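Quick note: the coordinates plus some simple rules give every number you see, no bench work behind them. Since we're looking at a predicted model, the values are computed, not measured. Cβ placement follows ideal geometry from the backbone for every residue including glycine, while neighbour counts extend to all protein chains displayed.
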């Protein structure tokens, strides 16, 4: 999927989830992933897609899984900003750095 398209989709997802894109930047998505997701997604345990597989998905797919799909129970207690940051992080390049959220389109 072209980067420009992924960035546009991420921007739309963030605009829908967060009152401001700047708020999502304060979330340490890497640490959040390590604390809440890595136990299953680092190695693809219990049928969970491995981090490499998540990186191939669109951010809106991750947001959907966490807010309306099978991952709702695991996302319990996460804020909208944390969900948006996790989606950006797991769908970014696998260099262990979260992708910066894109500002909403004017």
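Quick notes on this one:
- Computed from the C-beta positions of residue 79 and residue 52, the FRET efficiency with R₀ = 30 Å rounds to 0.70.
- With neighbour counts taken as other beta-carbon atoms within 10 Å, the residues 71, 39, 61 rank, fewest first, as 39, 61, 71.
- Footprinting exposure proxy for 68, 42 (fewest neighbouring C-beta atoms within 10 Å first): 68, 42
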